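Chemist: This structure is in structure tokens; I'll ask about it shortly.
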Amino acid sequence: MHFHDTRGMGLANAMAALEEGVRFFEGSIGGIGGCPFAPNSTGNVCSEDMLAMIADLGYDTSVDIDKLISAARQMSKALAPSCREKLHRAGRAPWLVGRD
């Protein structure tokens, strides 16, 4: 599944798809990008936010989310203010770290 996050619903849509059995998701680091076919689209769902949510729900993502967050931080410095992701700013919830 591929989601845009134009109205802040990307993670909710990903969670609904996960509950329906979808196991392959596409996003972009920092949520950068958009779609020329979706008027007023503000970007894609952030890979790091989505993968952390999926891991925090107990699924194995086979992704080192901390390294992904680090990459997002580096990219955000280079592209600011283009990146809208949340996880690279806030970090992972301490009570959930280590579950992925």
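The numbers here are math on the coordinates, done by the rules we state, and not lab data. Remember, predicted model here, so these are calculated numbers, not experimental data. Reconstructed Cβ throughout: ideal geometry from the backbone, glycine too, with neighbour counts over all protein chains shown.
Chemist: By how many nm would the segment from S62 to C35 grow when fully extended, if each residue of separation counts as 0.36 nm and the alpha-carbon distance is taken off?
Modeler: Answer, rounded to one decimal: 6.9 nm.
Chemist: Would you mind ranking S47, S70 so that the residue whose beta carbon has the fewest other beta carbons within 10 Å leads the list?
Modeler: S70, S47
Chemist: Give the Debye-formula value of log10 I(q)/I(0) at each listed q (0.17, 0.23, 0.24, 0.30 Å⁻¹), with one equal scatterer per alpha carbon of the stretch 33-78, two decimals each.
Modeler: -0.61, -0.85, -0.87, -1.02
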